[in-house]
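Below is one structure, written out as structure tokens, with a few remarks after it.
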Number of protein chains: 2
Amino acid sequence: MTDVSRPISINHPPIIECGAGVASKVAEWANAKDADAVLVVADAFNADRVGLLGFGSGTKVEVFGDVVPEPDIANLEKLLALAGDLRPDLVVGFGGGSAMDLAKLAAVLGDGNQTLEEVVGAHLVKGRRPLLAQVPTTAGTGSEGGTRSLVTDTENARKMAVESLYMLADLVALDPQLTVSLPPAISAATGVDALAHCVESYTNVKAHPAIDIYATEGIRLIGRYLTRAVQNGEDMEARTALALASMYGGFCLGPVNTAAGHAIAYPLGTRHHLPHGHANAIIFPHVLAFNAEVAPERTALVLDALGTTAFRFCENLGIEMRMSQLGIPESDLEAMADEAFAIKRLLDNNPREVSREDILTIYKTAY
Amino acid sequence: MTDVSRPISINHPPIIECGAGVASKVAEWANAKDADAVLVVADAFNADRVGLLGFGSGTKVEVFGDVVPEPDIANLEKLLALAGDLRPDLVVGFGGGSAMDLAKLAAVLGDGNQTLEEVVGAHLVKGRRPLLAQVPTTAGTGSEGGTRSLVTDTENARKMAVESLYMLADLVALDPQLTVSLPPAISAATGVDALAHCVESYTNVKAHPAIDIYATEGIRLIGRYLTRAVQNGEDMEARTALALASMYGGFCLGPVNTAAGHAIAYPLGTRHHLPHGHANAIIFPHVLAFNAEVAPERTALVLDALGTTAFRFCENLGIEMRMSQLGIPESDLEAMADEAFAIKRLLDNNPREVSREDILTIYKTAY
């Protein structure tokens, strides 16, 4: 699990600006790169504060402000139509994971040379013309640090995943001022999502020392700062630390990825529409406990960083940790276990083998 | 010294390949990027093994194999003449810090749009056309991870420093097989150079948590693996760990940089031609001890990672730690102290104020 000689590919956005107010560096950088036409991809809330990116009147800025949570193909197609008209020199993702994921696809598909269907999978994107900048306004998905994008295929009830180095941002601006307005419940759920990325990458058969440094630092930062940010949204030190932790979680996803925690949490989202962060919060503490016997030192590091069990840590953040309280019928647990057990690509990453019965036991414990 | 909210710019090469044999990924990547003309910048030893980069007969590969240690303007000009003729699609630095530093300059100056004089300083380079890959064959300078290049102006006895984001590599290949042939003394001196980068960035007024993760991991890896690599050059795990540690040291140099250790070590190189790594090894342990009272926790982390004092750690690697044994006359210490005391830009980074008398005391202790 920790052999440094195992070959690995590590990807980072080459420029990361971090600190209060750095959102305006996007325009500075765009000017230096002669980017005259800019497409900002945002949800409605962030579309109203595009001014924070600092663009002046010399730049043509078009804002797509229609990003929806868990964006579907229709949402993407509307964006691609705009990108096709504008032919931007720069695409900026400005929002949470949904906005950033769509910005990645607008950057590589906006010119119309490839379709979504053609690039679903790994390394099928052939290139990218416009520059790509990511400005996260939540601290959770880590999309700003990674090479993946998810789009929902509503018709066939599946997620379409695209992975490509061409979707790695040229510039990431981590501006803690953008997250101060997040309500405590969102701060908590998104923060635990980032925590789950780090924990599941750290307790993972594919764990690697060159990625562990991000996983462990992310865990430590979240352990130290998430409660502070939930209690006081304007705590700039905590907000900055969480922005870094979220990106570190994103660094973990490409080369290592998550494991059983995310697999077992998925049915809570797909079948019962629980937000991704909340679903992870409910499940990953039980998976961490399940894995403890095969990864005692790593589990101890996590618990030490959180100062308590992962379950209590999440509960103390105000997260409802009982599935029974969230409208999930107990009769559905069997079907959920079937669904989770089918996600082999993540279960195979788990340091301890997970049977369908194990999954059912975890659901019952979490119920 | 550890305020996460202090704004910071962090740069990483976007693609890092790490592991035995990954040198050949340079050609794979170059092909995917349609790079048909390649200029490899190497010293004579590495020029003879350019085959390891994996280029096939379909690629026009020109090798500049004349890189000298501490390259001077004449060395650079010879390289630029070749680059001007070839107009490569890709420049590859293949060697130690000297080859990688020259490759950076060939990539940004090779087209002849700017001269060296015009870009000396920070952020004066206007752009770069060819791709840039770095393949280090020592583990020490960290040049592969950074944005700086040094050229010696022999005539005026000074170092010319160029810093530019355009000199950040597009791809870094950390291949431990390239360093197995390094003799123990070189492995030791270069490893301690990387250690000094990490230690001086960690005990630095500009230290930042987002850089500390590289500094501390670099220190831990060197503490754990450098002695092994010196004792058995073919220890692939140790060689891989040191390649990562060296790059982490490079990550520290841009946003934080070194401090008094490097400043006080410089005169050993400029006046007495001691190799850079050896000079740092002699000095930084004394600076670490000098700083201990103002940075006790950070000093403790370093000593814990090394398992002993920094002085003993270097001595155990077989490094001659007494200046008196290296042909440096005691009568020169005063003039050396004057010279080191003038390097304000690094002394100002030191967590404890350093007087000229302090420097002289350190020289006398190290003598």
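The values are calculated or read from the model by the stated rules, or taken from the named source; none is laboratory data. Treat the numbers as computed from the prediction; the structure is a model and nothing was measured. Don't worry about glycine lacking a Cβ; one is built from the backbone with ideal geometry, like all the others, and counts go over all protein chains shown.
Quick one: how many residues across the stretch A:139-180 are within 14 Å of chain B (Cβ to nearest Cβ) and hydroxyl-bearing (Ser, Thr, Tyr)? The number of residues fulfilling the criteria is 4.
Among the residues of the stretch A:205-242, those identified as touching a Cys at 6+ places or on another chain (Cβ under 7 Å) and small (Gly, Ala, Ser) are A:210, A:215, A:218.
Would you say residue B:149 is modelled with pLDDT of 95 or more and outside the structural domain of residue B:339 (by TED's automatic domain parsing)? Walk me through how you get there before you give the answer.
On the way: modelled with pLDDT of 95 or more: yes; outside the structural domain of residue B:339 (by TED's automatic domain parsing): yes.
The answer is yes for residue B:149.
Report yes if some residue within the stretch B:84-95 is free of Cβ contacts under 8 Å to residues at least 24 places away in the same chain and in the same structural domain as residue B:21 (by TED's automatic domain parsing); otherwise report no. For the stretch B:84-95, residues free of Cβ contacts under 8 Å to residues at least 24 places away in the same chain and in the same structural domain as residue B:21 (by TED's automatic domain parsing): present. Checking each residue in the stretch A:340-359 for being surrounded by 14 or more Cβ atoms within 10 Å (Cβ to Cβ) and within 26 Å of the chain's Cα centre (by Cα) picks out A:340, A:341, A:343, A:346, A:347, A:348, A:349, A:350, A:351, A:352, A:354, A:359. For residues that are touching a helix residue (DSSP H, G or I) at 6+ places or on another chain (Cβ under 7 Å), surrounded by fewer than 19 Cβ atoms within 10 Å (Cβ to Cβ) and part of a loop (DSSP other than H, G, I, E, B), tally how many sit in the stretch B:60-96. Of the residues in the stretch B:60-96, 5 are touching a helix residue (DSSP H, G or I) at 6+ places or on another chain (Cβ under 7 Å), surrounded by fewer than 19 Cβ atoms within 10 Å (Cβ to Cβ) and part of a loop (DSSP other than H, G, I, E, B).
Residues in the stretch A:34-47: is at least one surrounded by fewer than 21 Cβ atoms within 10 Å (Cβ to Cβ), within 14 Å of chain B (Cβ to nearest Cβ) and either touching a residue at least 12 places away in the same chain (Cβ under 8 Å) or not in a helix (DSSP H, G or I) (or both)? Quick ask: steps written out before the conclusion?
Initially, the stretch A:34-47 is screened for residues surrounded by fewer than 21 Cβ atoms within 10 Å (Cβ to Cβ), giving A:34, A:36-37, A:44-45, A:47.
Among the residues that remain, those that are also within 14 Å of chain B (Cβ to nearest Cβ) are: A:34.
Add one more test, that the residue is either touching a residue at least 12 places away in the same chain (Cβ under 8 Å) or not in a helix (DSSP H, G or I) (or both), and what stays is A:34.
There is at least one residue in the stretch A:34-47 that is surrounded by fewer than 21 Cβ atoms within 10 Å (Cβ to Cβ), within 14 Å of chain B (Cβ to nearest Cβ) and either touching a residue at least 12 places away in the same chain (Cβ under 8 Å) or not in a helix (DSSP H, G or I) (or both).
Contact annotation: residue pairs with Cβ atoms under 9 Å, 6 or more positions apart or on different chains, pairing a residue in the stretch A:5-29 that is closer than 29 Å to residue A:208 by Cα and assigned to a loop (DSSP other than H, G, I, E, B) with a partner that is modelled with pLDDT under 95 and of a type in the set (S, T, N, Q), are A:19/B:5.
Taking helices (runs of 4 or more DSSP H) that fall entirely within the stretch A:276-339, which contain at least 3 residues that are surrounded by fewer than 16 Cβ atoms within 10 Å (Cβ to Cβ) and not hydroxyl-bearing (Ser, Thr, Tyr)? Can you show your working first?
Details: elements: A:276-291, A:296-306, A:310-316.
Passing ranges, in order: A:296-306.
Note on the stretch B:48-59: among residues that are touching a strand residue (DSSP E or B) at 6+ places or on another chain (Cβ under 9 Å) and either at pLDDT below 95 or not charged (D, E, K, R) (or both), the one that is surrounded by the fewest Cβ atoms within 10 Å (Cβ to Cβ) is B:59. Just need a number here: residues in the stretch A:136-166 that are over 16 Å from the mean Cα position of the chain (by Cα) and part of a strand (DSSP E or B). Count: 2. Within the stretch A:1-31, can you find the residues that are surrounded by fewer than 16 Cβ atoms within 10 Å (Cβ to Cβ), within 13 Å of residue A:171 (Cα to Cα) and at the interface with chain B (Cβ under 10 Å from one of its Cβ atoms)? Matches in the stretch A:1-31: none. Spot the failing condition for residue B:266; the list is (1) surrounded by fewer than 24 Cβ atoms within 10 Å (Cβ to Cβ); (2) more than 24 Å from residue B:364 (Cα to Cα), and only one is missed. Looking at each condition in turn, residue B:266 falls short on (2).
Considering (1) surrounded by fewer than 24 Cβ atoms within 10 Å (Cβ to Cβ); (2) within 14 Å of another protein chain (Cβ to nearest Cβ), the lone condition that residue A:183 does not fulfil carries the number (2).
Restricting the stretch B:167-187 to residues that are part of a helix (DSSP H, G or I) and polar (S, T, N, Q), which is farthest from residue B:303 (Cα to Cα)?
Initial filter on the stretch B:167-187 (part of a helix (DSSP H, G or I)): B:167, B:176-179, B:184-187.
Going one step further and asking which of them are polar (S, T, N, Q), we end up with B:177, B:179, B:187.
Numbers: B:177: 29, B:179: 26, B:187: 20 Å.
In this case the residue turns out to be B:177.
Evaluating residue B:346 against the criteria (1) among the aliphatic types (A, V, I, L, M); (2) touching a Gly at 6+ places or on another chain (Cβ under 9 Å); (3) not in a helix (DSSP H, G or I) leaves one unmet condition, (3). For the stretch B:213-257, residues that are touching a residue at least 40 places away in the same chain (Cβ under 8 Å), within 13 Å of chain A (Cβ to nearest Cβ) and surrounded by fewer than 23 Cβ atoms within 10 Å (Cβ to Cβ) total 7. Scan the stretch B:188-207 for residues that are closer than 16 Å to residue B:299 by Cα, polar (S, T, N, Q) and either free of Cβ contacts under 8 Å to residues at least 24 places away in the same chain or in contact with a helix residue (DSSP H, G or I) (Cβ under 8 Å, 6 or more places away or on another chain) (or both) and the total you get is 2.
With the requirement that a residue be in a helix (DSSP H, G or I) and in contact with a strand residue (DSSP E or B) (Cβ under 8 Å, 6 or more places away or on another chain), what does the stretch A:109-129 give you?
In the first step, residues of the stretch A:109-129 are kept if they are in a helix (DSSP H, G or I); the result is A:109, A:116-119.
Result: A:116, A:119.
Restrict the check to the stretch B:349-357 and report whether at least one residue is assigned to a helix (DSSP H, G or I), free of Cβ contacts under 8 Å to residues at least 24 places away in the same chain and not charged (D, E, K, R). No, that holds for no residue.
Consider residue A:133 carefully, then state whether it is closer than 21 Å to residue A:190 by Cβ, part of a loop (DSSP other than H, G, I, E, B) and in contact (Cβ under 8 Å) with a residue 12 or more places away in the chain. No. If you go through the stretch A:217-246 and keep only what is within 22 Å of residue A:203 (Cα to Cα), in contact with a Lys or Arg (Cβ under 9 Å, 6 or more places away or on another chain) and not aliphatic (A, V, I, L, M), you end up with just A:225. Based on this model, can you work out whether residue A:361 counts as in a loop (DSSP other than H, G, I, E, B), more than 16 Å from residue A:197 (Cα to Cα) and β-branched (Val, Ile, Thr)? Answer is no for this residue.
When each of A:172, A:192 is tested for being outside the structural domain of residue A:326 (by TED's automatic domain parsing) and buried (at least 24 other Cβ atoms within 10 Å of the Cβ), the lone residue that passes is A:172.
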